[in-house]
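Have a look at this one before I ask anything.
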Amino acid sequence: MAQLIKKLKDRELERIDVTSRETRVGRDETNDVVIDNPGVSRHHASVLYDGKEFSVSDQGSQNGLFVNGQQTTSWPLREGDAIQVGKFELVFTLRGGVAHHELRGRDDIALARLRNPLQTLALSPEDIQRYMADAAAKGKPVAPAAAPAGTQRPAAGRPPAEAAIEEEASNPYKALSLVLAFLVVGLGAVAVWLVLR
């Protein structure tokens with residue numbers, strides 16, 4: 001079980017559970033720990049777990065990695081170690097977070113899709129719940145659960161067919177695709193008229 005305690009001038013701002021074997025720290029929104037500060041590189045550092053111990057390593061940051069006031073490229077982490085990232089400090093603690101044996105590898109779905117964008121990803125219900133919980137914990141919006149296939153949720157007091165028509169009309173992408181379809185048909189009709197004229 002491990003956590004990073006984000007501090008600014010000795011004031012605790014946030015406690016971040018270490019949930020994977022690699023926890024990325026940096027200014028970019030794709031990091032697990034986002035620190036919006038000009039002194040922090042996009043991908044500044046990573047907290048790693050090798051199955052036995054935790055360590056932190058510099059990821060080519062502009063201003064370097066400091067642990068307990070000493071500049072380093074890699075450092076084995078112990079209870080209370082302070083990782084300096086820009087003006088912020090991340091204090092490493094083994095109290096809290098998930099158990100070590102539950103730490104996952106990088107489950108980066110975006111990278112999997114980049115490797116093969118047409119590949120279907122099969123996620124178990126447990127994976128879906130875990131991703132939704134991770135997103136909610138990071139303050140990211142979570143889409144509501146979809147209704148099971150073949151079921152309808154009609155609006156209260158409305159016939160299902162009317163609710164379905166209203167739902168179709170409220171979808172901006174379907175409306176846009178209908179407009180584009182009419183434009184294509186119209187242009188085709190004009191082209192035929194010009195050719196036959």
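The values are calculated or read from the model by the stated rules, or taken from the named source; none is laboratory data. What you are looking at is a predicted structure, and each value in this text was computed from that prediction instead of being measured. Positions of Cβ are generated from backbone atoms using ideal geometry, with glycine treated the same way; all protein chains shown enter the neighbour counts. These accessible areas exclude ligands, DNA and RNA; they are computed on the full protein's heavy atoms, side chains included. Shrake-Rupley method; radii C 1.70, N 1.55, O 1.52, S 1.80 Å.
In the set V25, V40, which member is surrounded by 21 or more Cβ atoms within 10 Å (Cβ to Cβ) and closer than 15 Å to I5 by Cα?
Selected residue: V25, the only one of V25, V40 that is surrounded by 21 or more Cβ atoms within 10 Å (Cβ to Cβ) and closer than 15 Å to I5 by Cα.
Answer yes if at least one residue in region 52-67 is of a type in the set (D, E, K, R) and assigned to a loop (DSSP other than H, G, I, E, B), and no otherwise.
yes
Still on this model: Which residue pairs have Cβ atoms closer than 7 Å, lie 6 or more positions apart in sequence or on different chains, and pair a first residue in region 47-75 that is under 18 Å from V33 (Cβ atoms) with a second residue that is of a type in the set (K, R) and outside any strand (DSSP E or B)?
L48/R21; Y49/R21
For S20, work out the one condition from (1) among the polar types (S, T, N, Q); (2) surrounded by fewer than 17 Cβ atoms within 10 Å (Cβ to Cβ); (3) touching a residue at least 40 places away in the same chain (Cβ under 8 Å) it doesn't fulfil.
(2)
Only residues in region 171-197 that are open to solvent by less than 80 Å² (accessible area, probe 1.4 Å) count as the first member; pair them with residues that are modelled with pLDDT under 85, Cβ under 6 angstrom, at least 6 apart or cross-chain, and list the lot.
As it stands, the answer is none, since no pair meets every condition given.
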